[in-house]
Structure formats: C-alpha cells, structure tokens
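First up is the structure itself, then whatever we jot down about it.
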C-alpha cells in the first residue's frame, strides 16, 4: 500500500518481503554456504574421498584438518565430498513428493464431494504409515538404489503435502472468483492451473521448505542405518554411522556432517518461516 | 454544558509521523447527538476511539485535548481510563456478532460493567438495573432471556444487548460506531429510535459515527463531516443538510439515493486518499469540481458561517449551489410476448430447507428489474439460480423461451455468455494473483477467441466504458480501491457482450459517493448498450435511481411486483409500506 510505483506481481513482493527479514537473510546465507560446500567442495578436497592417508582415527594435524576416519581416510576430504548425494537426493525427493502432493491436493479440492472424499480417505490410509518405516520397508524389500530412495522418500511426502494443499485450495474454491470462472464455463483444468494454483503458492512454498528439511533427515537416517549409499561412498549420513564407534577418540568424523546437516535444516527453516510470515502479512493486507 | 470537548486533536502514526486526523475540534452537550459522517479512510473511527482514550496499535494522540465530563483523556493513565470507560463513557460497537462474548450469557455480560464500576452495590440492585436497562432497550427482561447466549438472539436483538451494556452504568457519553450497518432497515429504525430515546431521557451525549447520511439526518442534532482526516464542515442538522457550503458535503448529499425520487444520484469521481498519500492543500481539491489553484496550494482555514456552522473551504463565499439535476425520467418498457428472461414458479432449496416459494419474474430486453429484500429473504439465492451457480431448485428459468440448464455447465456457451453475473464483493470476485488486463482478456478469449492486439484494443474500450484508466491493465487487484475493483468486475462481465447483467448487491461494499458513481456507470451502459439488468439490493431507495420495475421479496416470496411509480406511490403489500416508512431519508 505504499506509493503506486511500477506494478509488481504479488509473488515478487512476497519474496522481497521475505528477504527483508533478518532471519530469512541469515537462513539464505547458511543455505547458500552449505550448497556451495556440497557442490564445489570436492574440488577443494586435498585428497580423494576413498584414499587411505593415515592410521585409523588419526587425530587432527597440520596435514589432516579434521583427522582421519575409522579406516584412515581424510575426514575433511570426505566431508567436502559427502554433501552432494544427501542434498541432491533430498531435493529430488522433495520436488517429487511436493509435486505429487500438489496434484492430488488440487485435484481433490476441485473435485465433486464424493471423489474428494474418496481421494482424501485413501490419502489418510497412506498417512497412517510413519515415513521412516515405509521407506525402510521399500528399501529393504527392493534393494538400496539411490533412485529408489529418492522416489520412496518423495512418495511418503505426497499424502502429507496433499492434505495441506487441499485445505488451502478448498478455501480458495469457495471464493467468488472461482464461482465466476465456473459461471462462464471455464474448464476444470483451466480453473486448477490459472485460478487455483496461483492462490496456493504461499502454503506450497512453506510446505516445500518444510518437506525439504524432512527429506534431509530421512535420507540421512536411511544412510545412517546403512540402507542408503554404500561404502566406500562419501555421504554425510553414512559418515555419521561409520564413525560413531570412534566418537570418543576422534569426534570430527561425526560432528562435521552432523553440523552441516543441522545448519542446512535450520537455514531452510528460517527461510520457510519468514516466507510464511510475509505471506500472512500480505494476505491480511489483501483482505482489508 | 459540554460533556465532550475536543480541541485541536491530532492523531498520528508513530512511525513516520503521518497524521491520521488533524485539528479535530467539537463539543457535544448532554442529551445531544453529534453525527460524525465520513467515507472509509476519513478517520472517523480513529476519532471515535480517541474519545475512549484508545488509539490503534502504532498510532498516538500527538497533541490537543479531549475532555469527557471534565476529565482530560489525553495523557491520562490506564487506571483513570479504565474507571471512565464503561462508567462515564461507553461504546456501542459496529458488529455485535463479534463484540458480544459467545460463551457468556446475556445477563452476565450486562452485569459485568455494573460490578466493575459499582463494586459496593448489592447483587440484587445490580440485577434490578440489568432488567431495567433491558426494558429500556425494548427487550424482554425475564430470567429466561437473561440466561440466553448471544447466538440465540437475532442481529437486532444482539445490537440492543450491546446498547444495554453501554447504558447499564448510566454513562454521560456514548460512542456508537456505525451500530446499524449490518441490520435490515426495519430493525435499524427500531435500534435508532432506542438510541434516540435513551439519549433524550437520560441526558446522554452521543457521538454517532456513520457513513450513512440518511441515518444521521434522522438521528443527529449536530453533524460534522470528515474528509481525509479533517472536519470539513460542521453545523446543526439543517445547516448541513439544507444549507451546506463545502462542495464535499453537497456532493455527498447528492450521492445519497433519494427514496422520494426527486433527483438522480450523482457520484464523486475518484476516491478518498489514504493518510499517506493525501495531497497538499485542500485534500478534496483533486475531486472537487469547483477547485481553483489556491485549493491545491494551501490548506483552508476554518471559517465561521453562523454560531454553529463552520466550514473549511477556500471558496466558501463564492461557491454557488450545485444545480439540482434533472428529475428522473423513466419510460416503462412494455411487456413483449417473449421476455428475455422468465422465472416461472421457481421453488429454491438448500438441502431440505425451502428458501424460495413459487417465484415469478419476467425481464424484458433492455429493462432493469430491481429485486429488493432484507437479509435472508432469498434474493441472492434467486440471482444465483439465474447465474447458474445454485442448481437446487424446481421450476423453470427460461431464456427467450428456452429452458435454461440448472447449472452453468449444463447451459449452452451462448447462454453463459449472454447472462453475466456480478458478485457482491469486488474484493472476492477477482483473482488476486492475476493482473487486471489478463482477467478481462480471458473473457474475450473464452467467448470470442480474441487474442493479442485485437483483445488489447477491446480491453481498452471496455475500461473506457466503465471509466477506468488504461494504466490499470498491468495492475493487480490489491492495488485498486473497492470502487475500481467493482468496475473491473463490471468490465469483465461486459466483455462477454451480455444481454442480461445479474447484479447481486454490487454496491453494498462501497462508499456512498463511489456507489453513486457505479450506479451512474450502469445507467450509462443501460442507455448505450441496452443491456437488461436484474439489480439485487437491500436498499429500496437505490432502486429509484436505476430500476424500471421493482420486485419486493420477503422470506422467499415476492410480495410486490410492479412499475417503479406504482410500488413507491401506491404499494399493495403491507411489507413494502413498512420498508418505505423505515428507510431513512433526508426530510
């Protein structure tokens, strides 16, 4: 409601408002930092991830910044190389899961009452499975392919996202502009894409951030349990598992990946929370 | 003696120091009612809350003095304010539905302020007062009623309970913030009579805040008109309504629907500025037809016209009265064999509940039929049936003799194109995430396959038709005012080149001056495109300005249906008579 300058889309205003908040900037910096580390880290690694450089559990020294792991490999190099897989996998599974959930949610919200009920009850059955149990079930049944982990983790997100999106979309469906579109005979597909979808972007993005943090936790947990990436691959989750035995002697092999995972999760959460706050502010303004 | 006295009160936003209201001064004597009139954003609610020593979060009373019954409010501590509020000065809220606590019984809620302000008095004495005050506001006072919860009362009863709470401690001053806005006219007139009687009998000074000039003219002794944070004109009732000087006051009166049908209503172009973009000089100058160069340069000083009459205008000496425009001429449109729209024996339902009973209405091409009714009368349901948005009905709606499908999707594309529905709230009926241009273009694409430059040119034509600037094509709905949004909704409907517009209470969310200009726009459309209209409204006076024929609806049944003059001059139904009597007017 400031001066009428160049018309800006509401979405861009929303992003601008999000990053006006200190926490969002902090979160952005953390996320960018960890992403940089994960993507370009391998190029800065002094050794390759599977090279034996010292005795097992060697302490920190001038050549080994974070010491050696239980096998005698450089923790620092493995740490730099281990981010790609976990962040990549989490991202892919989040996109898959939230995407699928979005489709289900929008479809259910715009469907007839009975279809809606049918879809959502089926959804509720899926919701009854704890995410980790379902992932373990599938992975132990079909083997530990990286692709399978991404798809399964994504699949467990879908019913949860669908609930949120359906609730948001059902509220939008009741508004008059949707009725106006129905009254002039717009096709359902068109109503979903150009009327409904743009009005659920705020909950969608919040949900995306939230699911991203869940994905990281799940993928790390699966790796930790030894069902994810297999040795000798470098992966943060796997590293925690491998080195937990020597935690008291050489803690860096566990602490470094834990710190990275925690920071990334917190960073994403900061952005998500700020975005939600900005969205509430905008929506309130719109209703005045 | 002045019970309320404000002098030079400024209220500003703490951050940035932008003034919400400036130099507010007025007095109210005991037993008198001051009507504070203004449109949205004028600062009238801010002023009324200041009387209670309250400001919105982020705002502060910067300077000036407010005395209530001899107590200075500005700078008073919380303890002092608490002892005044409810006891000496009481507040009647706008919406009793949200102001009353839904979890407490009526008796308890009235008792609360009594116990707070007179802690030493016996319970029996308090209870006697509760019953007395309920009788004063014309409500039952038996124990059964005291034990009811707010949801068990009607809207009018709830508002009277809110008034009873305000009057319980026999205050010296009451502040009413549009207390009748959500009520039907018949209920409204009863509530107003209650307030008036209580103020007279008990010598209570009242500040009555409203955007509705007609209500204020029926109730107030004195009137102050606010515009953009200042009082632009104040005086006694007759001075304001019959000898007003400020161009804004005059235009506001001309924007008022006139039930006697003497004058066509006239809108004011533009809309009231928000505190942060008020112009320098006289704030009304950009909308004023009589503005001169001085008006945009300096803020006019208060000028005394008579002992009670003050005005804030540079041109108060040479401003001539606005010439009364021509009387409304309305030719009646003769019934043809084939009406454009026929509603035949329609029974409407919500599940098992019947809300419409044997409804018959026929609309001729180019004709405007007004459908008038109070809330819950079924008028919106009927218009939704016509628009294809409510399909739970028996009976027939025919379009040029052909039966229409019940749901919009069961109708032919041409039928959907020819009958366009405009919604009540322009805040909800336009997709907030889409630029205005795209909203209108979509309609052209859908019905005429028009795209690209041809569509752009047509969108500009349509915007001209509803008097909107072309620049808003790239704007989003939240950048527009309510009046502008409603014009966008009208433009979208017109893009389909309809034969019939179904207008469901389309001006009820708008300010009086904006309402008048939207009505003007519709009237011009009617003469230039000969589109037929079903104009649904709760405001009987408004139909005078636009309709050829009027249908009055009550509890799902049409009780009166006839030509404009017939209905207004010799109503057949007793209910129409009652509506006519209770509609507030300038007299």
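In this structure, residue B:484 does satisfy being part of a helix (DSSP H, G or I), modelled with pLDDT under 90 and more than 9 Å from chain A (Cβ to nearest Cβ). Here residue B:55 meets each of (1) touching a residue at least 40 places away in the same chain (Cβ under 8 Å); (2) over 28 Å from the mean Cα position of the chain (by Cα) with one exception, condition (2).
When A:217, A:209, A:185, A:226 are checked against the criterion of being out of contact with any strand residue (DSSP E or B) (no Cβ under 6 Å at 6 or more places or on another chain), outside any helix (DSSP H, G or I), over 30 Å from residue B:423 (Cβ atoms) and in the same structural domain as residue A:112 (by TED's automatic domain parsing), A:226 stands alone in meeting it.
Okay, residues lined up against (1) away from chain B (no Cβ under 14 Å); (2) touching a residue at least 60 places away in the same chain (Cβ under 8 Å); (3) within 16 Å of residue A:268 (Cα to Cα):
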residue	(1), (2), (3)
A:23	yes, yes, yes
A:59	yes, yes, no
A:64	yes, no, no
A:75	yes, yes, no
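Of everything in segment B:341-400 that is in a loop (DSSP other than H, G, I, E, B) and within 14 Å of chain A (Cβ to nearest Cβ), the residue that is nearest to residue B:530 (Cα to Cα) is B:388. In the set (1) more than 27 Å from the chain's Cα centre (by Cα); (2) assigned to a helix (DSSP H, G or I); (3) within 12 Å of another protein chain (Cβ to nearest Cβ), residue B:493 fails one condition alone, (1).
No other residue among B:543, B:557 is at pLDDT 85 or above, surrounded by fewer than 21 Cβ atoms within 10 Å (Cβ to Cβ) and either within 30 Å of residue B:353 (Cβ to Cβ) or not assigned by TED's automatic domain parsing to the domain that holds residue B:269 (or both) apart from B:557.
The residue list B:455, B:428 contains one member that is farther than 17 Å from residue B:535 by Cα and more than 9 Å from chain A (Cβ to nearest Cβ), which is B:455. Take residue B:442 and tell me if it is more than 12 Å from chain A (Cβ to nearest Cβ), out of contact with any helix residue (DSSP H, G or I) (no Cβ under 6 Å at 6 or more places or on another chain) and either crowded, with 20+ Cβ neighbours inside 10 Å or outside any loop (DSSP other than H, G, I, E, B) (or both). Here the answer is no, as residue B:442 does not meet what is asked.
Please work out if residue A:132 is touching a residue at least 60 places away in the same chain (Cβ under 8 Å), away from every other protein chain (no Cβ under 14 Å) and surrounded by fewer than 19 Cβ atoms within 10 Å (Cβ to Cβ). The answer is yes for residue A:132.
Apart from one condition, residue B:468 fits all of (1) under 25 Å from the mean Cα position of the chain (by Cα); (2) assigned to a helix (DSSP H, G or I); (3) more than 12 Å from chain A (Cβ to nearest Cβ); the exception is (2). Filtering segment B:214-248 down to residues that are within 17 Å of the chain's Cα centre (by Cα) and in a helix (DSSP H, G or I), which residue is surrounded by the fewest Cβ atoms within 10 Å (Cβ to Cβ)? Among those that are within 17 Å of the chain's Cα centre (by Cα) and in a helix (DSSP H, G or I), it is B:218.
Yes or no: segment A:197-216 includes at least one residue that is within 12 Å of chain B (Cβ to nearest Cβ), at positive phi and either in contact with a helix residue (DSSP H, G or I) (Cβ under 7 Å, 6 or more places away or on another chain) or modelled with pLDDT of 90 or more (or both). No, there is no match, as no residue in segment A:197-216 is within 12 Å of chain B (Cβ to nearest Cβ), at positive phi and either in contact with a helix residue (DSSP H, G or I) (Cβ under 7 Å, 6 or more places away or on another chain) or modelled with pLDDT of 90 or more (or both). Summed over segment B:401-416, the residues that are under 18 Å from residue B:339 (Cβ atoms), within 14 Å of chain A (Cβ to nearest Cβ) and surrounded by fewer than 16 Cβ atoms within 10 Å (Cβ to Cβ) give a count of 1.
Entry remark, segment B:494-523: residues being closer than 20 Å to residue B:445 by Cβ and either without any contact (Cβ under 8 Å) to a residue 60 or more places away in the chain or out of contact with any helix residue (DSSP H, G or I) (no Cβ under 8 Å at 6 or more places or on another chain) (or both) number 1 in total. Applying the condition of being buried (at least 19 other Cβ atoms within 10 Å of the Cβ) and closer than 26 Å to residue B:386 by Cβ to segment B:449-481 and asking which residue is modelled with the highest pLDDT yields B:462. Looking at B:97, B:70, B:64, B:103, which is the one that is under 16 Å from residue B:166 (Cα atoms) and either touching a helix residue (DSSP H, G or I) at 6+ places or on another chain (Cβ under 6 Å) or assigned by TED's automatic domain parsing to the domain that holds residue B:203 (or both)? After ruling out the rest, the residue left standing is B:97.
The values are calculated or read from the model by the stated rules, or taken from the named source; none is laboratory data. Source: prediction; values computed, not measured. Reconstructed Cβ throughout: ideal geometry from the backbone, glycine too, with neighbour counts over all protein chains shown.
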